[in-house]
Amino acid sequence: MSNAEIRDQVVEELLAIAPEIEAGELSDTELLRDQVDLDSMDWLNFLVRLHKRFEVDIPESEYASLRTIDDLTSYLAAHR
């Protein structure tokens, strides 16, 4: 799976948590929390959805480093 395909699936999961988001307006390099109003439970649900979809464990110790779409895409690509 290419990074572009992973990125598209990350955005799909984000839209499942926050359907009011306009996917075309998301920046891959800006902090997601600045672009999208997700509370801590939404963020956790989003990460759980990514875990299930990609079958990749995301330890809590990694949460702070996964701040952008690029961060998430790179992490998932490296741990598949």
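Data table
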{"item": "Total residues in the range 48-69, condition touching an Asp or Glu at 6+ places or on another chain (Cβ under 8 Å) and surrounded by fewer than 13 Cβ atoms within 10 Å (Cβ to Cβ)", "result": "1"}
{"item": "Those helices (runs of 4 or more DSSP H) lying entirely in the chain with at least 1 residues of a type in the set (D, E, K, R) and touching a residue at least 40 places away in the same chain (Cβ under 8 Å)", "result": "3-17, 40-54, 69-78"}
{"item": "Checklist (1) out of contact with any helix residue (DSSP H, G or I) (no Cβ under 6 Å at 6 or more places or on another chain); (2) open to solvent by less than 60 Å² (accessible area, probe 1.4 Å) applied to Glu13, failing item", "result": "(1)"}
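The values are calculated or read from the model by the stated rules, or taken from the named source; none is laboratory data. Just so it is clear, the model here is predicted, and its values are computed rather than measured. We place every Cβ from the backbone using ideal geometry, glycine too, and count neighbours over all the protein chains shown. SASA here: full protein model, heavy atoms, side chains in, ligands and nucleic acids out. Shrake-Rupley method; radii C 1.70, N 1.55, O 1.52, S 1.80 Å.
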